[in-house]
Amino acid sequence: MTKARTRWPRQRDAEAPTTSGETVAADRVNAMDLETCLSACAAHSTKLVASLDRRRIALAEALRTLLATHAATVPATSGTSPLPLLRRPAKTSSGSALLLGDALMDPLLAVGNKALDCGYEDEMKLALMVADTVLTQRRRSRAGWRLRARVLEAMGAESAAVAAFERHLELTEEDGFGVASKVAGLREGARLQAELVRRLATGCPEAREFADRSVTDSWAQGLELHARGAWDEARPLLIGTLLGQIAADAPVREIQQTITHYLGLLREEAGVAGGGSAPTAGRAAAGPGDPAALAELTALTTLYAEQRRARMRGPVDDPTFGGVQWLTLGEFRNRIAGKSICLIANSQRVGNSSLGEEIDDYDLVVRFNSYRIDPAATGRRTDIHVSIHKHGFNWDQHVDTRLIFGGISGDWKYSLRNRLVPGAQTYLGDESLRWPVRDIGRLSREVWPSIPTSGFNMLWLLDFLDVSPRLDLIGFDFYESGAYRLPGAMRLPITSVHEYTSEKAWVMERARSVTDTRIRLR
């Protein structure tokens with residue numbers, strides 16, 4: 001018998017249980033008290049001891065930070081002893097429940113995000129618990145809704161994920177994370193998947209007779225019949241399995257596995273290379289199918305590919321990036337050679353200044369990430385926009401040159417495909433400009449342990465090229481005065497993965513003059 005290449009479909013209820021024993025709903029959050037969540041975090045941290053998985057190591061560090069922050073804040077806020085985190089606490093009345101203060105908010109969200117990054121079932125449940133804990137006390141938390149949406153999407157609960165993503169969009173002004181595109185992609189993917197399933201069901205009406213049967217039994221019987229060469233008998237069972245999954249609202253990833261395997265078997269039956277299973281012993285290889293069958297197979301495969309692509313990247317109006325011209329390292333050097341350059345920090349020191357006219361007098365003005373424009377304080381022009389690939393703030397603002405930085409090539413390419421706005425830039429840095437400090441400077445983690453900021457990557461690059469007669473940093477106080485960003489980005493924490501002290505020391509070693517607002521390097 002030919003063995004299935006994917007897991008057999010599972011029989012399941014219409015809705016999947018969550019960590020609280022309730023069902024994932026698109027229109028409500030499962031109430032979760034902070035004490036229960038913290039206890040679960042503490043218990044989970046003990047499971048990660050000596051883990052070699054880098055994602056779980058990162059989660060363990062986030063859990064340690066959360067629990068340490070909680071231990072430091074509880075005595076000051078409640079006047080009681082710290083929560084006994086290694087055992088499940090007794091239920092408390094609403095008046096004595098722990099409140100989610102500002103000090104605990106970012107560490108708790110960090111745990112949720114790191115748990116989601118792990119991708120395992122236990123961590124997924126923990127991430128959903130964190131999101132529900134945040135939203136139980138802060139119903140208007142944009143970060144909480146986005147985390148919940150991402151977890152639900154990863155769990156395959158697409159309708160609930162879309163509802164949570166849309167709630168996030170209702171609460172935010174700038175869609176810096178490309179959520180609107182994600183929602184559009186999920187909706188389009190669901191539409192194309194429904195069309196694919198409709199075509200399969202229409203082409204095999206008898207499949208509906210098996211839609212109410214156990215999906216596991218139907219799939220196993222269908223594979224057995226296929227292995228014996230009885231494709232006409234196997235086909236209704238296999239398609240009936242898919243219809244049963246749809247009716248039971250199975251997670252999207254399980255439906256995708258079934259469709260993938262079925263189309264592979266269909267390709268094999270049509271005699272197309274790359275079929276769904278290995279040839280069965282004693283069975284002749286399938287010959288070329290009739291033109292109508294091949295045309296139908298092509299149509300189904302096209303629908304499958306398009307729905308997968310839509311879910312991964314969202315709709316892309318112009319897949320050629322709007323005719324953008326790619327810049328190599330050498331070409332970027334030639335474009336900035338001989339020009340005065342100022343780098344504008346996203347700091348309150350700039351926001352409270354009156355340096356706008358001076359800034360606009362430079363040949364090239366460089367701004368970063370979620371920069372904010374106030375002409376009198378910040379100037380009007382932006383010639384070069386530098387951004388980390390993880391969010392899309394200001395990617396829709398037209399600039400001459402856009403440099404997107406990222407440490408992992410695959411993630412960087414994925415972000416460009418999903419977030420780049422066609423026509424919003426004339427020149428775009430290619431992969432030779434992706435991660436200057438590491439890739440061009442070869443500064444390893446042993447030499448420079450912390451992750452370099454976008455500002456430091458750009459500053460290091462300009463210093464390395466050394467072709468600008470004037471190179472000034474304006475407002476670079478390394479966030480001592482606080483952040484000055486777009487309103488939608490102001491609640492984002494100043495991330496702890498960077499080490500601003502080392503970057504400041506590097507700058508000061510090379511500074512030729514320093515004032516309250518300006519550091520001159522050339």
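The values are calculated or read from the model by the stated rules, or taken from the named source; none is laboratory data. Only a predicted model underlies this, so the values are computations on that prediction, with no experimental measurement involved. Cβ sites come from the backbone with ideal geometry, for glycine too, and all protein chains shown count toward neighbours. Keep in mind that these areas ignore ligands, DNA and RNA; they rest on the heavy atoms of the full protein, side chains included. Shrake-Rupley method; radii C 1.70, N 1.55, O 1.52, S 1.80 Å.
Of the conditions (1) within 19 Å of the chain's Cα centre (by Cα); (2) of a type outside the set (Asp, Glu); (3) in a helix (DSSP H, G or I), residue 451 fails just one. Which one is it?
So the condition that residue 451 fails would be (3).
Here is a check on your reading of the model: is residue 376 farther than 18 Å from residue 470 by Cβ and open to solvent by 10 Å² or more (accessible area, probe 1.4 Å)?
On the way: farther than 18 Å from residue 470 by Cβ: yes; open to solvent by 10 Å² or more (accessible area, probe 1.4 Å): yes.
Spelling it out, residue 376 is indeed farther than 18 Å from residue 470 by Cβ and open to solvent by 10 Å² or more (accessible area, probe 1.4 Å).
Give me a count of the residues in segment 454-489 that are over 19 Å from residue 374 (Cβ atoms), of a type in the set (Ser, Thr, Tyr) and outside any helix (DSSP H, G or I).
Residues meeting the conditions: 1.
Of the numbered conditions (1) modelled with pLDDT under 95; (2) in a strand (DSSP E or B), residue 370 satisfies every one except a single condition; which is it?
Failed condition: (2).
Collect the residues in segment 220-240 that are without any contact (Cβ under 8 Å) to a residue 12 or more places away in the chain and hydrophobic (A, V, I, L, M, F, W, C), keeping them in residue-number order.
If the condition is that a residue be without any contact (Cβ under 8 Å) to a residue 12 or more places away in the chain and hydrophobic (A, V, I, L, M, F, W, C), then 230 is the only one that fits.
From the list 157, 163, 131, 149, pick out the single residue that is surrounded by 19 or more Cβ atoms within 10 Å (Cβ to Cβ), touching a Leu at 6+ places or on another chain (Cβ under 6 Å) and not polar (S, T, N, Q).
131
Quick check on this structure: which one of 432, 502 is outside any strand (DSSP E or B), of a type in the set (Gly, Ala, Ser), open to solvent by 20 Å² or more (accessible area, probe 1.4 Å) and within 27 Å of residue 400 (Cβ to Cβ)?
After applying the criteria, what remains is 432.
Which residues, taken from segment 381-393, are open to solvent by less than 30 Å² (accessible area, probe 1.4 Å) and at pLDDT below 95?
Result: 389, 391, 392, 393.
Please go through (1) open to solvent by 10 Å² or more (accessible area, probe 1.4 Å); (2) of a type in the set (Gly, Ala, Ser); (3) modelled with pLDDT of 90 or more for residue 274 and return the number of the only condition it doesn't satisfy.
It fails just one condition, (3).
When segment 451-495 is examined, which residues are found to be of a type in the set (D, E, K, R) and either within 25 Å of residue 407 (Cα to Cα) or at pLDDT below 90 (or both)?
Result: 463, 466, 477, 480, 485, 491.
Identify the residue in segment 232-262 that is acidic (Asp, Glu) and within 37 Å of the chain's Cα centre (by Cα) and, among all such residues, is nearest to residue 158 (Cα to Cα).
Checking each candidate, the answer is 249.
Do the conditions hold for residue 229, that is, is it on the phi > 0 side of the Ramachandran plot, within 18 Å of the chain's Cα centre (by Cα) and either at pLDDT 95 or above or open to solvent by 10 Å² or more (accessible area, probe 1.4 Å) (or both)?
No; evaluated as a whole, the condition is false for this residue.
Check 376, 310 and return the single one that is at pLDDT 95 or above and part of a helix (DSSP H, G or I).
Just one listed residue meets the conditions, 376.
If I ask for residues that are out of contact with any Asp or Glu (no Cβ under 9 Å at 6 or more places or on another chain) and either in a helix (DSSP H, G or I) or of a type in the set (Lys, Arg) (or both), which ones from segment 333-349 would you list?
333, 334
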